[in-house]
1. Segment 297-342: D in µm²/s via Stokes-Einstein (Kirkwood Rh, Cα pairs, 25 °C, 0.890 mPa s)?
2. What's log10 of I(q)/I(0) for segment 217-313 at q = 0.18 Å⁻¹, Debye sum over Cα points only, no solvent?
3. What residues from segment 518-541 fall in the zone where the backbone N is under 20 Å from a label point 7 Å along the Cα-to-C-beta line of residue 577?
4. What's the ranking of 535-548, 155-168 by average number of surrounding C-beta atoms within 10 Å, highest first?
5. For the chain, find the longest principal axis of its Cα atoms and tell me its angle to the long axis of helix 277-286, 0 to 90°, nearest 10.
6. Taking the Cα centre of the chain as the origin, how large is its charge dipole in debye, to the nearest 20, when only Lys and Arg (+1) and Asp and Glu (-1) carry charge on their Cβ atoms?
7. Which whole number of Å³ per residue matches the convex hull of the alpha-carbon atoms in the chain?
8. Within the P(r) computed for segment 359-407, what percentage of the Cα pairs occupies the region above 13 Å?
Amino acid sequence: MLMNTHEARLDALRKELKKRSLDGFVVPISDEHMSEYVGAYAQRLNWLTGFGGSAGSAAVLAEKAAIFVDGRYTIQVRDQVDRRLFEHQSSLVTSPAAWLAAGAPQGAKIGYDAWLHGKPWVDATNMALKAIGAQLVPVDGNPIDTVWADQPAPSPAPAQVHAAALAGQPSEAKRSQVAEWLSAKGLDAAVISALDSVAWLLNIRGTDVDRTPVALSYVLAHADGTAELFIAEEKVTPELRAHLGNAVTIRPREAFVPQLQALAGKKVAVDPERTVQAVFAALSGAGANVIELTDPTILPKAIKNPAEQAGQRASQARDGAAVAKFLHWLSIEAPKGGQDELSAAARLQAFREESAELRDLSFDTISAAGPNGAQCHYKVNEETNRKIDPASVYLVDSGGQYADGTTDITRTVWIGPGQPSAEHKDRFTRVLKGHIALGTALFPQGTVGAQLDTLARMHLWAAGLDYAHGTGHGVGSFLSVHEGPQRIGKPLGGQAGTSTELQAGMILSNEPGYYKEGEYGIRIENLVLVERREVPGQEGEYLGFENLTWVPIDRALVDTSLLTRDELKWWDDYHAAVEALLAPQLEGEALAWLKAACAPLPQH
């Protein structure tokens, strides 16, 4: 049977499971580093099911299978995954473990790849399966890799040195911080397996994962300030060796497990949220004393130093000019009716590529026309590509990777001719009011993301409306566009990081939205920097947000009668700042468009 259909691929996997005497198998979107975005070689869920989102999993039994996604992908999974082959399940309602416990036969052996799942997932799933006398079985080699004949190989691209001037702190100083942390806790070493943590700690970058500038590698950090880097030999350059110096030993990637096993009798810190089960098994099996603690680089990586903050502002200025040029182009070309989602995304990328500083996009552009905008994490391709119709709503969520910063911006625009409906304007303005409320919030030190989330939703809630995604995620410094631990979102439903205290120097997105299935989507997103604030008569330390993203918001979709005087002032002040920053970078018709887009709103 040809392997070009998902039915054939599912059949091939089931045959392979039968050969291995397995009754089922679980397929996540993950890699050996628990990454959110993974290299092409690790896109196993996409290969098996056709699902193109960045979060989800599937469970396969002999007679049935299911795919599990959260609210961001409810519409997308319907469009991409054949319901005849895979039941569609909400991961917030039914976990793969619960589904397997309800559907697997008594005494079943359910396979899983210990290099793709975290220890908490393994422990929880084992507990659920015990109820039916079933068990999880770690596989020796992923069965999908066995049947995926044209699976890409991991990237061989060399690792790159990240300039100290951009990093703001040398790797030696970062390793010393980790060493002090280890010594204070009486530990010998820490496993650093998250790719962005490795990149930040050693001041290296790479091109192994599309849209995320990381190099496939692991680090063992030791209490004496030394470290071991495990990386494929073809990725090591003389420049990398010189940069790392004598205190960092470079070893082949295959040496990682033997070196873990050599830590017998040592106290080793491992982060259960960011480290796969195979690492825990190797350490425990060798007799190491495994201490479960958060990766010590996570918080310092999230708190940007002055050089990283300056780099973010510089990258936002050039990125804002590119997006403004695109919005000007869109205002001319889209009403003619000759553009589609792919052509618009390509034109936006071309404007970004006019900057020599651009290294990559920070994620695949969400270019969503009309009803496709109702999929909050829509990903356009040749099959889903939709014409951008005149007299419709168009949403574009995009970003760039620059050596000095990572950007992420969403704008929703009305494509003329004609005027948006009263409903369009009402929904857009409620989203705008939430965006302003969050962006202007003043809050005491110790506040967590979940406490601020209501500010972004309250005007939607007042009309009986809401959105099914978080309000804000952390952003890296020429690293992952989704970075923890901070997050703004509801405290329930698996919104990791919403209980993390917000601290000065953290970057987050501010992106409330509204989505009407089958019709349109609305989202307004800027990045913000947590900063200290002085308030007359204040008691204790207070924080607020510095806005980082400077691009016009579409005035055609605003119902000014719904805005307060303070909100109108915010709009005018924001757009005056946008014009001041971007005008020197534009000329001609694009400059004239900018000035018109940044004019004050009429008062009421």
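The values are calculated or read from the model by the stated rules, or taken from the named source; none is laboratory data. Note that this is a predicted model, so its numbers are computed, not measured. All Cβ positions, glycine included, derive from the backbone under ideal geometry; neighbour counts span all protein chains shown. For the accessible areas, the whole protein counts, side chains as well, though only heavy atoms, and no ligand, DNA or RNA atoms are used. Shrake-Rupley method; radii C 1.70, N 1.55, O 1.52, S 1.80 Å.
1. 184
2. Scattering profile of segment 217-313, log10 relative to I(0): -0.98.
3. Residues passing the 20 Å test: 524-536.
4. Result, highest mean Cβ count within 10 Å first: 155-168, 535-548.
5. For helix 277-286, the angle is close to 30 degrees.
6. For this selection, approximately 820 debye.
7. In the chain, the Cα convex hull volume per residue is 162 Å³.
8. 58
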